[in-house]
Structure formats: C-alpha cells, structure tokens
1. Expressed as a fraction of 2.2 N^0.38 Å, the rule-of-thumb size for a compact globular protein of N residues, what is the C-alpha radius of gyration of the stretch 249-297?
2. Would you mind checking Lys212/Lys240; Lys212/Lys246; Lys212/Lys262; Lys207/Lys246; Lys47/Lys212 for any pair whose Cα atoms are more than 29 angstrom apart?
3. What angle do you read, to the nearest 10 degrees and between 0 and 90, between the alpha-carbon axis of helix 176-187 and the longest principal axis of the chain?
4. Roughly how many Å² is the accessible area per residue of the stretch 174-277, as a whole number, for a 1.4 Å probe?
5. Could you work out which residue, out of Trp275, Trp301, Trp46, moves most in a Gaussian network model of the chain, that is, has the largest mean-square fluctuation with Cα springs under 10 Å?
6. Against the longest principal axis of the chain, how steep is helix 146-163, in degrees 0 to 90 to the nearest 10, with axes from Cα atoms?
7. Looking only at Ala248, Ala225, Ala200, which one moves most when the chain is put into a Gaussian network model with springs between Cα atoms under 10 Å?
8. Using Cα springs under 10 Å in a Gaussian network model of the chain, which residue among Thr74, Thr137, Thr304 shows the largest mean-square fluctuation?
Amino acid sequence: RVREAVVSTQSTGTMFRCTVLFVLLVSAVGAASKYRDNIPEPTRKWKYDATLDHFTYSPESAETFVLRVFEYDTHWKQNKSGPLFVYTGNEGPLESFYDNTGFMFDIAPQFNALIVFIEHRYYGESIPWGSSEAAFTPDGLRYLSSIQATADFADVIKYYKEAYNIEQVVSFGGSYGGMLTAWMRLRYPQLVDVALAASAPLPMMAKTAKPKQAFFQIVTSDFGAVNTRCPEVTRNGFTKLYETVKSAGFEEAVTSTFKLCKPFNMTQFDHLVGWVRNSMLMMAMVDYPYPAEFFGDLPAWPVTAACNIMLDEMVLQSCTRR
C-alpha cells in the first residue's frame, strides 16, 4: 500500500512524496496486523437494576435503570475462594474494554479471580429510561457524573461480595476508567482493597500537571524511547507537510493519492494535520504489548511498529536529506 502511494506521487515532486509517505506510514500501522482475539467470551452477561440518583431524596431518586455487567468465572468457580477483579467501565460500550483488557485475564488464573466488567451509565446499553431521547437532554444529563458512576460500581461490588461471599476486591481501570478506579479506592475503601489505575490523568484533572504540554512531552518520549531518531523524523514530517501545502496542486494531489470520495480543499488542512497527530497520540495511549482493536486494528507495541516503519532506510533515504 505504501509503495503504491510512492509510485503514484512521483510526478508531484520529492517534497510531496515525502509528505505522503509520512502521513501514510503513521496511519498504516493499524493495517500492519490483524487483531488476535485471545479474550474469552463472558460466561455471563446480565443487567443490574441501578439507582438513578444515589444522592438526593426525590421521586426520581427511587427510579432505576439497567446497567450492563459482563462476568467471567472460569477460574473462580474452581474453588470459589478467589478475589473479585472489577473493571470500572469508561466512556464507551462495555465490549470495547472487555475485549481489550488482557492483563486481568492474564493474571486471573494465578488468583482464581472472578472477573467482572461494569458499564458506565449513559454509555453502551446502560441508558437511563432506556431511551437516548430522554437521557440526552439538559435535564436528563444531570445524572451523568463520575460520582454517580462510582456509586453504581459500588452497588454492583456489594452485590457480588454478598451473593458470592467474596472478601477481597481489586479494581482495574485505564485512562478515565483509571481515574474511576482510583476514586473507588478513595471513596469506597470498605469495598475496594486494591486499585490499579493505569494511565489515569488525575494530576491533569486536578490541574497539578506541569508543564501544560506534559502530555505531548510524554508522547514524544514514548517514541524517543524506541529510537531517538523517531521524534526528529516526525518533526521533519510535519515541517514538510506545512511546507508542501504552499505548493501548487496540493489539493488535487491529496485527493488522488488518498482516493478521497470528495475533492480535498484547504479548509480541511487542519483536519488532515489533526488526523496525523491524533494517530500518534492514540498509538502512545494504547501502546499495549499485545494486538488490540481499541482504536483500530493495532499490532503489539504500536509505537515501536510505527517507529520501525518510519525509520526504514528504503523510505527515509530520499526524505531525510535535503
């Protein structure tokens, strides 16, 4: 695919060819590997009747809605004495997190753990009143908050502790889910014994992260850890992209090279730059040691894969020398 793009842009000049290569190489990582589904299917999918409002006394506070729960008990049911591993669901359908959180399944056999994933309210199929039209209104959205969500999780954990006679509980979460899992330990220490909060941006949420560009510096360091040339190549790619936009025929070349359904125009240039930038951010955020499909079909260690592609001497010999 990349070689085809090189051939198709020979006539547009070296600079545009290098720019297209940069854009394609960054985005091609997702196509480099097919997702390997090594996560077992849930042994049980069920719905918990969650309280709509945990904190006020009003007629609405007594209302309930269904909250989806995925359970995997294969390791726990062998002796029914292991801990509860709980994933505190993020801002998305529950399947996305169940299918891409391999660590819990990797270590569950060692602990004979019961694995449970709980969907976040207002996402997936866990919609109050069972209707998006009713839930996603200014009035309906007042029940969408992290405090209400962690109270939902607490109720489900209490159900499992009582119904299954479980003593130890470990909560897991990543990104926003990591923030939720950290808050579970802080807000409900009587329920959660250990919380593993992966990539949880709590300092940024508390506005204690310094400097403000800390996130982008971390992304840069991720690529630099693979090879110190990766950040340089990336910067050069963005420089060439901004230089090439000034050349004649840029719009037509983008349209034909990327086989766009509609002609590219310069009002979309910022979107093109953002698309390339965000692909690199996403790879850094989901730089898992195993193939995953959280943001697309990604290979194991996508940052490493992206750097290796960009540093291929066949590609770079005409694009890094001026």
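1. 1.47
2. Numbers: Lys212/Lys240 26 Å; Lys212/Lys246 31 Å; Lys212/Lys262 37 Å; Lys207/Lys246 38 Å; Lys47/Lys212 41 Å.
Table pairs above 29 Å Cα-Cα are Lys212/Lys246; Lys212/Lys262; Lys207/Lys246; Lys47/Lys212.
3. In the chain, helix 176-187 runs at an angle near 30 degrees to the longest axis.
4. Heavy-atom accessible area per residue stands at 62 Å².
5. Between Trp275, Trp301, Trp46, it is Trp46 that shows the largest mean-square fluctuation.
6. 50
7. Of Ala248, Ala225, Ala200, the Gaussian network model singles out Ala248 as fluctuating most.
8. Thr137
The values are calculated or read from the model by the stated rules, or taken from the named source; none is laboratory data. What you see is a predicted model; the values in this text were computed from it and never measured. Reconstructed Cβ throughout: ideal geometry from the backbone, glycine too, with neighbour counts over all protein chains shown. SASA here: full protein model, heavy atoms, side chains in, ligands and nucleic acids out. Shrake-Rupley method; radii C 1.70, N 1.55, O 1.52, S 1.80 Å.
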